[in-house]
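Chemist: Please find one structure pasted underneath; my questions will follow.
The values are calculated or read from the model by the stated rules, or taken from the named source; none is laboratory data. These numbers were taken from a predicted model, which means no experiment stands behind them. Here the Cβ positions follow ideal geometry from the backbone for every residue, glycine too, while neighbour counts run over all protein chains shown. Each accessible area value is taken on the protein alone, full model and side chains, heavy atoms only, with ligands, DNA and RNA left out. Shrake-Rupley method; radii C 1.70, N 1.55, O 1.52, S 1.80 Å.
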Amino acid sequence: MTATILYTSAVDDRTFSLSSLPPRLSLAATGTDPALLDGAWWPRSRDLTAELPALTAVLDPLWGRITRVTVNPTVWPVIPRKVPVRGHAVHVGWFKAEQDPNKLLLLSYTTGRWDLLVIPPQTDPATAARLLTAAADPARSLTASGLLREAELFRAAAEADWDLVRETVWDSEGGHSARPASRRSVGAVVARAPGAREGV
């Protein structure tokens, strides 16, 4: 089973609390071989108290009740000890050196452990969509930070390609070669014109 909930522009984020919005989430199909990541989550903010309730509301029925999560404090400004979610509380822990800063580790007391890539909230939608797909692909073998580095290289290459396209169009429309004649060359042409007096 694959669960994918993507951002839709039809939802105006200002009219809902963060916890009432569906999470932007992509999960690997159940029954696939274990991979480094079980999917990706694109939170709207770095506020765990606001973001975790919607995430657990989707994951609890799929994976069993999520009882604990761990994060790396490098990218999360505030780490609450507990986050109240529907019907229970999720305990939050952190590991600085041991856990990839771009990964969320989730534990269910009935089933096991899952690792999700955390896509930075400010990521543009096209890059986030690529990351949501890549992290849910069981054939991928990159870490969470590795996927983000790959996405940044892809974005930079696409931007460089776009710059090259714009420069090519500019040149094809006469950009660099269509320079106006300088005043000196215009004066020289006038000075050599038949019947023109010298010094003109």
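Chemist: Carbon-plus-sulfur fraction of the accessible area of the range 17-98, 1.4 Å probe, in percent? Spell out each step's value before the answer.
Modeler: On the way: 2150 of 3910 Å².
C and S atoms contribute 55 percent here.
Chemist: Determine, for each peptide in 91-98, 129-136, the mean count of other beta carbons within 10 angstrom over its residues, then list the peptides with the highest first.
Modeler: Details: 91-98: 12.0, 129-136: 21.1.
Per-residue mean Cβ counts within 10 Å order the peptides as 129-136, 91-98.
Chemist: Here's a follow-up. Order 74-85, 116-127 from most to least packed using the mean count of other Cβ atoms within 10 Å.
Modeler: Output ranking for 74-85, 116-127: 116-127, 74-85.
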